[in-house]
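Got a structure for you, questions after.
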Protein chains: 2
Amino acid sequence: MKISLVAGEPIGQPCADCGIRCFSVCAALDKAELRELEHLGRHIHFVSCETVFGQEELTTSVYNLLEGVMRLYKLLPDGRRQIVGFALPGDFLGMTTSARHSFSADAIGAVAVCRFSRTSFARFIEDKPHLLRRINELAIRELSRAQDHMVLLGRRSAEEKVATFLLNWRDRLVQLRGPANTVPLPMSRQDIADFLGLTIETVSRTFTKLERDRVIGIQPGSVCLLDTARAEAMAAA
Amino acid sequence: MKISLVAGEPIGQPCADCGIRCFSVCAALDKAELRELEHLGRHIHFVSCETVFGQEELTTSVYNLLEGVMRLYKLLPDGRRQIVGFALPGDFLGMTTSARHSFSADAIGAVAVCRFSRTSFARFIEDKPHLLRRINELAIRELSRAQDHMVLLGRRSAEEKVATFLLNWRDRLVQLRGPANTVPLPMSRQDIADFLGLTIETVSRTFTKLERDRVIGIQPGSVCLLDTARAEAMAAA
DNA sequence: GGCGGTCCTTGATCTGCATCAACCGGTAAA
DNA sequence: TTTACCGGTTGATGCAGATCAAGGACCGCC
């Protein structure tokens with residue numbers, strides 16, 4: 001929960017060589033614009049559990065996630081937590097119209113971000129409708145994901161929740177790093193519980209049950225999807 | 001659940017006189033642009049429970065809600081329903097990047113919308129970054145609402161859910177029509193249940209309990225907030 | 001090696017909400 | 001007027017998942 005105090009190093013490597021550019025907002029930019037953007041951003045690194053920004057903090061920056069995974073969550077006054085999403089490389093964070101962040105974001109494992117001052121980024125956007133369109137696209141995709149998640153939270157059983165989560169998470173990783181049967185789970189069981197609206201015990205029990213039923217194999221830090229068809233049936237029904 | 005087959009009448013009244021313009025996307029437009037827009041849109045009316053567009057239907061149009069209330073919902077194959085939101089005048093619907101709608105929308109009571117063909121609206125936007133920015137703004141507001149709702153669905157008790165719903169709904173109506181203690185509830189108990197991730201019985205019981213506790217007064221089609229402070233305490237905690 | 005800590009799993013019990021079922025009041029059709 | 005229906009309420013019971021409690025695996029540290 002420490003807050004990083006470093007300003008970050010300038011973007012050294014040209015944005016044109018950025019590995020996740022095609023997934024990020026920057027996909028909308030041409031070479032000249034990328035070079036311009038290089039001067040505005042700073043690379044910052046966070047270690048596991050460090051907070052990138054907190055709920056109610058002023059929104060001074062926007063962030064482009066380069067590497068690692070982040071949890072985005074809201075806390076109720078009494079400590080109950082709801083994780084509203086996990087961010088992966090290419091995700092664009094801190095885009096909000098309000099003066100304060102409406103959720104907190106912290107690192108799950110080591111994280112690298114590209115940080116931009118909100119004002120300078122806003123100025124950069126101003127005459128670039130294609131970039132604005134790209135940002136809009138990402139926001140709408142995020143909204144659609146949020147709506148899907150509402151269905152999950154409001155109307156699905158624990159088993160359905162877990163199965164759906166594993167499949168969706170796998171799909172996002174496949175998108176990024178290509179096909180693979182084994183699904184890394186860098187987040188803790190508590191994180192998964194707080195994402196799915198369950199308790200850690202129920203998540204653990206459900207994992208165990210899925211393993212007993214030979215749907216998944218549990219490994220430290222990951223699971224292996226053994227019976228995708230059955231998992232999909234659980235997630236769909 | 002009938003589908004309206006009428007093409008709709010042309011927008012007669014000038015958009016400049018539109019009562020909800022300041023709440024809608026059109027707030028971003030100047031007089032000349034409004035006049036241009038008048039030629040692109042059609043007014044369409046729907047009666048109660050008519051479907052404006054359905055999940056999986058092709059996204060041929062976008063809609064500006066002028067009058068009335070709509071429920072936006074997703075259905076699971078087995079019939080479980082999650083209402084992802086209620087739309088009020090000024091809300092902009094059908095904005096999606098995908099070819100098909102990801103949820104259904106139907107009228108709660110009589111509804112009037114301004115419909116635009118998706119392609120002609122896209123063309124209209126093209127050289128109007130201020131409009132795009134406005135759309136982006138609405139999308140981000142919607143996303144933020146969705147995230148709040150995830151917390152409600154995942155982490156709150158039935159009583160908290162109902163209290164929060166009543167307060168939020170009141171706030172949206174106040175925004176639109178000014179202060180009032182009595183909160184109209186045009187949607188059914190089943191709608192409220194499907195919005196809050198509860199059953200109709202639990203919603204009904206919770207309403208009754210809040211009435212017994214003198215927090216609300218139940219009237220046909222509306223409730224009266226008697227003890228706002230206590231309701232807010234329930235919603236916050 | 002022993003110790004404390006964190007994360008995860010497992011078991012026993014409890015409970016909030018779902019489910020099942022009946023009923024009530026208003027309205028519209030017969 | 002009677003009947004049927006629909007939306008809402010209320011009561012009795014059941015159960016999925018929460019809560020409480022304990023123990024195991026793994027880690028870094030002394």
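Per the Cauchy relation, a quarter of the hull surface: what is the mean projected area of the convex hull of the alpha carbons in segment B:139-195, in nm²?
4.4 nm²
Averaged over all directions, how much area does the convex hull of the C-alpha atoms of segment A:83-136 cover when projected, in nm²?
Quarter of the Cα hull surface area: 4.5 nm².
Give me the compactness ratio for segment B:106-237, meaning the Cα radius of gyration over 2.2 N^0.38 Å.
1.27
Using the eigenvalues of the Cα gyration tensor, what equivalent ellipsoid semi-axes result for the protein assembly as shown when each is taken as the square root of five times the eigenvalue, whole Å, largest first?
After diagonalising the Cα gyration tensor, the semi-axes are 35, 31, 22 Å.
For residue A:31, give me every one of the lysines with a C-alpha distance below 22 angstrom, ignoring sequence neighbours fewer than eight places off in its own chain.
A:128
Report, for residue A:32, each distance to the same residue's label point in the other copies, shortest first and in nm; define the point 7 Å along Cα→Cβ.
From this label point to the equivalent ones elsewhere in the assembly: 2.6 nm.
How high is the FRET efficiency from residue B:33 to residue B:100, r the C-beta distance, R0 25 Å, rounded to 0.05?
Efficiency at R0 = 25 Å is approximately 0.30.
Turning to a different aspect of this structure: When each copy gets a label point 7 Å from Cα toward the beta-carbon at residue B:182, what are the spacings between them in nm, shortest first?
6.6
What percent do you get for the relative contact order of chain B when only Cα pairs under 8 Å and 6+ apart count?
18 percent
Between residue B:17 and residue A:59, what is the spin-label point distance in nm, taking each point 7 Å from the Cα along the Cα→C-beta axis?
It works out to 3.7 nm between the two label points.
Accessible area lost on pairing A with B, both sides, 1.4 Å probe, Å² to nearest 100?
That pair of chains buries around 3700 Å² in total.
Let me ask something else about it. For residue A:54, which inter-copy label distances result when the label point lies 7 Å beyond Cα on the Cα-to-Cβ vector, reported in nm to one decimal and in ascending order?
Label point to label point, same position, other copies: 5.0 nm.
Moving to a separate point now. Go ahead and collect, in residue order, the members of segment B:176-191 whose backbone nitrogen is under 18 Å from a label point 7 Å along the Cα-Cβ direction of residue B:218.
Within reach of a label on residue B:218, which here means backbone N under 18 Å from a point 7 Å along Cα→Cβ, segment B:176-191 contributes B:182-191.
By per-residue mean of other Cβ atoms within 10 Å, what is the highest-first order of A:205-218, B:63-76?
Put in order of decreasing packing, that is B:63-76, A:205-218.
Beyond 28 Å, how much of the Cα-Cα pair distribution for segment A:9-152 remains, as a whole percent?
15 percent
If you don't mind, another one. Please go through segment A:95-202 and write out the GluC sites (Glu not before Pro) that DSSP classes as loop and that have at most 15 other C-beta atoms within 10 Å.
Qualifying residues, ordered by number: A:126.
Peptide B:118-130: average number of partner chain Cβ atoms within 10 Å per residue?
Mean shielding by partner chains, rounded to a whole number: 1.
Right, something else. Within 10 Å of each Cβ in peptide B:17-25, how many partner chain Cβ atoms are there on average? Round it to a whole number, please.
0
The values are calculated or read from the model by the stated rules, or taken from the named source; none is laboratory data. The structure displayed is predicted, hence computed values, not measured ones. A quick note on method: Cβ atoms are made from the backbone with ideal geometry, for glycine too, and the neighbour counts reach across all protein chains shown. Note: accessible area is taken over every heavy atom of the protein model, side chains too, but ligands, DNA and RNA are not part of it. Shrake-Rupley method; radii C 1.70, N 1.55, O 1.52, S 1.80 Å.
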